[in-house]
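Asker: Here it is, the structure in full.
Laboratory data are not the source of any read-out in this text; all were calculated from the coordinates shown. In this text, all values refer to a predicted model and were calculated from it rather than measured experimentally. Please note: Cβ atoms are built from the backbone with ideal geometry, for glycine as well, and neighbour counts cover all protein chains shown.
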Amino acid sequence: MNELIQTFSERKGELLSAIFEHLAISLSALMIAIIIAIPLAILLSQHKKIAEVALQITSILQTIPSLALLGLLIPFVGIGTVPALIALVVYALLPIFQNTYIGLSEIDPSLEEAADAFGMSRMRKLFKVELPIAMPVIISGIRTALVLIIGTATLAALIGAGGLGTFILLGIDRNDPTLTLIGAVSAALLAIIFSGLIRFLQNRSMKTSLITFVILILGIGGIFVAQNTGSSQETITIAGKLGSEPDILINMYKDVIEDNDSDVNVELKTNFGKTSFLFSALENNQIDIYPEFTGTVLESLVKVPENSPTDLDENGTYQEANKLLQNQFKMELLKPMAYQNTYALAMRKSQADELGIKTISDLRNYEGTLKAGFTLEFIDRQDGYRGIQEKYNVNFNSVQSMEPALRYQAINNGDVDIVDAYSTDSEIKQYDLVPLEDDQHLFPYYQGAALLKESFAKDHPEVVKALNKLAGKITEDQMVDMNYQVNVEKKDPADVAHDFLVKEKIIKGDK
């Protein structure tokens, strides 16, 4: 409990900002869904067959898994708030449309006849008789939609839209249950509070309900806009993938850029998402810079010609990755840092010693008994499990897919026997794991470097100059130590990054 209170106290500013982001996304999606669903239901209330088709369509849309829907939207609208809003609107349509249609369809026919007898026009009958009678049922649908939206909106953090999901993802990644609990409880409380508010409005007049909704939207929206209104100077947006290491690196980028020019406004987007999300964001000008690895570029981001050399050294891997990025995407990978963050397979040291396993080839004798826990990305990569199957002829009977942080918890608990890892992961030290020797040399070189568009680099030479101060810096041991400070010792990534830069005399000592 003390740890929870301490975490809450340290991050209350971030939590308040995340709450307003969450509400802004959720309420905006709700209002858009209301504007679409209620008029559509009113229009189709007189056309039963078409209404049934519309109900089926909205039902089908709601069955699409949220992550799949977000992934489908990214190629068309990029990442960030827009795809999150679209997905949330899609999920909110069914309860609002369904309840509005049912509320209007089940009005006592005698009341309809009485309204006609009084000579009411279609619009007058709608607003004076039908909607007031159906309003409790309509509000109930809105209430269901809002609770659904607030819960689903936590996934918006996966594509850089912010909200309370950032706390949940950060807690999972850092193995910090307090952060996850704060994010989850806050989302649940928002759902309860706003569900109660809508329930209060359920038996109030239509006018009162509309005025309350408008005031709420304007209030939350106003605060959100005020929070995100920056200065008139240009903002450089730097994003990082999930994990402590990208978090440390983007804070280094920020520090070296600001040390070079104190007037530059740098905005960081931490735990922004997976590789494809960040690359799409960069391609669509939603971010300006993010840390990427040479091996990832060649394996996942560019189309490698069939005649390309396969036995490249570190420098050759960088040169090839940069050349293909420039040719295919007009992007530039700056000079890389020194350390390698390549893939590895890791086991508990005690189990590896007991079985006499030292290399990946040794796994062939135990593939039927060992259980593997790999990330989805590793399972699908040619320099991952696919390559292990082909090059090492190793096929585990049990392979579970899981999020990066969870695989370490799984091996520590004995749920799996072998996991994919990165050579700089602090968990290797923390959980007494041993990386197996890549004796067939499957894993390529992975050197980290800043990835940006050529146009941005051309327009910002001082930024490029500042970032290149990191070229050739940071050893593998130094990166492991910094990751350990963040993940195990719970230090702030910004402080860890700053302390390293000062110690190595890359920037001045004042922060």
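Asker: Post the alpha-carbon centroid distance, the range 313-360 to the range 1-76, in whole angstrom.
Answerer: So the separation of the two Cα centres works out to 39 Å.
Asker: Follow-up question, since we're still on this one. Which one of N397, T342, F127 is farthest out on the positive end of the charge dipole of the chain, using unit charges on Cβ (Lys, Arg +1; Asp, Glu -1) and the Cα centre as origin?
Answerer: About the Cα centre, the residue reaching furthest to the positive side is F127.
Asker: When you take every Cα atom in the chain, what is the radius of gyration, and what is Dmax, the widest Cα pair distance, in Å?
Answerer: Considering the chain through its Cα atoms, Rg and Dmax are 26.9, 91 Å.
Asker: Same structure, new question: For every helix of n ≥ 4 consecutive DSSP H residues, a contribution of -39,500 (n - 2.57) applies; sum these over the chain, divide by its total residues, and give [θ] at 222 nm rounded to the nearest 500 deg cm²/dmol.
Answerer: Counting only the DSSP helices, I get -18000 deg cm²/dmol.
Asker: Ok, one more. Starting from the Cα gyration tensor of the range 388-462, take the square roots of the eigenvalues, sort them a ≥ b ≥ c, and report rounded, prolate or oblate (rounded when a/c is under 1.5, otherwise prolate if a/b is larger than b/c, else oblate).
Answerer: Verdict is prolate for the range 388-462.
Asker: Please state the charge dipole magnitude for the chain, taken about the Cα centre, from unit charges on C-beta atoms (+1 on K and R, -1 on D and E), reported in debye and rounded to the nearest 20.
Answerer: 2140 debye
Asker: Could you list, bin by bin from short to long, the percent of Cα-Cα pairs of the range 2-227 in 10 Å steps?
Answerer: 8, 29, 31, 19, 9, 3, 1
Asker: In nm, to one decimal, how far is the modelled label at V214 from the one at E267, with both set 7 Å along Cα→Cβ?
Answerer: If labels sit at V214 and E267, their model points lie 3.0 nm apart.
Asker: So how much slack lies between E234 and S398, counting 0.36 nm per residue of separation and subtracting their Cα-Cα distance, in nm?
Answerer: Residue separation times 0.36 nm, minus the Cα-Cα distance, leaves 54.0 nm.
Asker: What are the extents of the Cα atoms of the range 322-386 along their three principal axes, in Å, largest first?
Answerer: 50, 26, 18 Å, listed from the longest principal axis down.
Asker: Quick check on the range 343-435: take the gyration tensor over C-alpha atoms, sort the square-rooted eigenvalues as a ≥ b ≥ c, and tell me if it's rounded (a/c under 1.5), prolate or oblate.
Answerer: In terms of gyration-tensor shape, rounded.
Asker: Sort M252, M135 so the one with the fewest other Cβ atoms within 10 Å of its own Cβ comes first.
Answerer: Taking fewest neighbouring Cβ atoms as first place, the list is M135, M252.
Asker: Could you work out the equivalent-ellipsoid semi-axes for the range 456-511, taking the square root of 5 times each eigenvalue of the Cα gyration tensor, largest first, in whole Å?
Answerer: After scaling each eigenvalue by five and taking roots: 24, 13, 11 Å.
Asker: Right, something else. I'd like the orientation of helix 476-487 relative to the chain: the angle between its Cα long axis and the longest Cα principal axis, in ° from 0 to 90, rounded to 10.
Answerer: 30 degrees
Asker: Calculate the translational D of the range 281-340 in whole µm² s⁻¹ from Stokes-Einstein, where the hydrodynamic radius comes from the Kirkwood formula applied to all Cα pairs, the temperature is 37 °C and the viscosity 0.692 mPa s.
Answerer: Estimated diffusion coefficient is 269 µm²/s.
Asker: Mind giving me the FRET efficiency for K491 and K128? R0 is 56 Å, r the Cβ-Cβ distance, nearest 0.05 is fine.
Answerer: 0.30
Asker: If you find the alpha carbon centre of the range 473-507 and of the range 108-153, how far apart are they in angstrom?
Answerer: 60 Å
Asker: Past 23 Å, Cα to Cα: identify those pairs from K371/K490; K330/K508; K12/K505; K269/K490, in the order given.
Answerer: K371/K490; K330/K508; K12/K505
Asker: Quote the FRET efficiency, to the nearest 0.05, computed for K503 versus I57 with a Förster distance R0 of 56 Å and r equal to the Cβ-Cβ distance.
Answerer: In this case the efficiency is close to 0.40.
Asker: If the range 30-113 were replaced by its equivalent ellipsoid, with semi-axes equal to the square roots of 5 times the Cα gyration tensor eigenvalues, what would those be, largest first, whole Å?
Answerer: 30, 12, 9
Asker: Compute the long axis of helix 493-503 from its Cα atoms, compare it with the longest principal axis of the Cα atoms of the chain, and write down the angle in degrees, 0 to 90, nearest 10.
Answerer: Here the helix axis deviates by roughly 30 degrees.
Asker: Quick one: angle between helix 206-227 and the longest Cα principal axis of the chain, in degrees between 0 and 90, rounded to 10, please.
Answerer: 20 degrees
Asker: Sticking with this one: Between M1 and N468, how high is the FRET efficiency from 1/(1 + (r/R0)^6) when r is the Cβ-Cβ distance and R₀ = 51 Å? Nearest 0.05.
Answerer: 0.60
Asker: Taking a point 7 angstrom from the Cα of I379 along the C-beta vector, which residues in the range 142-156 have backbone N less than 14 Å away?
Answerer: It comes to no residues whatsoever.
Asker: Full extension from S308 to K12: what is 0.36 nm times the residue separation minus their Cα-Cα distance, to one decimal in nm?
Answerer: That works out to 101.4 nm of additional length.
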